[in-house]
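Remarks on the structure that follows.
What follows is calculated from the coordinates using simple rules that are stated; it is not laboratory data. Given the structure is predicted, the values throughout are model-derived calculations rather than measurements. Positions of Cβ are backbone-derived with ideal geometry, glycine not excepted, and every protein chain shown enters the neighbour counts.
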Amino acid sequence: GQQLNQSPQSMFIQEGEDVSMNCTSSSIFNTWLWYKQDPGEGPVLLIALYKAGELTSNGRLTAQFGITRKDSFLNISASIPSDVGIYFCAGRPNFGNEKLTFGTGTRLTIIP
Amino acid sequence: EAQVTQNPRYLITVTGKKLTVTCSQNMNHEYMSWYRQDPGLGLRQIYYSMNVEVTDKGDVPEGYKVSRKEKRNFPLILESPSPNQTSLYFCASIKKRLAGGGSYNEQFFGPGTRLTVL
């Protein structure tokens, strides 16, 4: 199947710092999604992107759909303790196809 | 309350002993999906279902079966579990959302089932 490379694999940052993570694909996606997974729970959707070049914000989170359709970025500004968790990107290759490919995840740890 | 439920939440079993993990959603969604989550590999799709009696393979379907006899339920069946199926399993119910000329699916995940096969 298709591969999504997500980096970094893990991040250790101090509270208040900004965070950046990205996903790259070997093929084109028509939809990019970003999820967050809290410990012991299932992932929850943060942001959805459906147009190349699109920049979308959700509070302190900002995500971008790469112009090549092969990458996406997620930024978190002014991190707080509740931002801890694993962040996943996910891509949908075709409209009308409900298959999703997930990235390998970025584990975010915040140092008080 | 809109939710996806999975049972059991934890299961330890032995190689070859058939098991079923149930998944139920109360949101009347047509689409449902099963994933497994393994360290360093993220979530990988096992099977998905577009509607009652309509299912298709995901990226890692080997060793699994599913059925969709009614809209709300989508059980995952392991006929002969093996140790390499030890994993964290998530069921998802999928709502299709339209947004400004495009569409995307919002996946509502269940709480997960941690399976250990000895």
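Okay, here's what the table says:
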{"item": "Euclidean distance of C-alpha centroids, the range A:51-90 and the range B:17-81, integer Å", "result": "28"}
{"item": "Residues of type lysines that A:Lys70 reaches as a straight line, Cα spacing below 30 Å, ignoring anything fewer than 8 places off in the same chain", "result": "A:Lys36, A:Lys51, A:Lys99, B:Lys57, B:Lys95, B:Lys96"}
{"item": "Diffusion coefficient, µm² s⁻¹, Stokes-Einstein with Kirkwood Rh over alpha-carbon pairs of chain A at 20 °C and 1.002 mPa s", "result": "153"}
{"item": "Set of lysines with alpha-carbon distance to B:Lys17 below 19 Å, sequence-local pairs under 8 removed", "result": "B:Lys65"}
{"item": "Signed unit charges on C-beta, dipole axis of chain A, positive-most listed residue A:Thr106, A:Thr68, A:Pro43", "result": "A:Thr68"}
{"item": "Cα gyration tensor, chain B - rounded (a/c under 1.5), prolate or oblate", "result": "prolate"}
{"item": "Partner aspartates and glutamates for B:Lys71 [C-alpha distance under 20 Å; skip if fewer than 8 residues away on the same chain]", "result": "A:Glu98, B:Glu1, B:Glu30, B:Glu53, B:Asp56, B:Glu106"}
{"item": "Choice from B:Ser82, B:Ser93, B:Ser33 with maximal GNM fluctuation in chain B (Cα, 10 Å cutoff)", "result": "B:Ser82"}
{"item": "Three semi-axes of the equivalent ellipsoid, the protein assembly as shown, Cα gyration tensor, whole Å, largest first", "result": "29, 21, 16"}
{"item": "Cα-based equivalent ellipsoid of the range A:6-50: semi-axis lengths in Å, sorted from largest, via gyration tensor", "result": "22, 15, 11"}
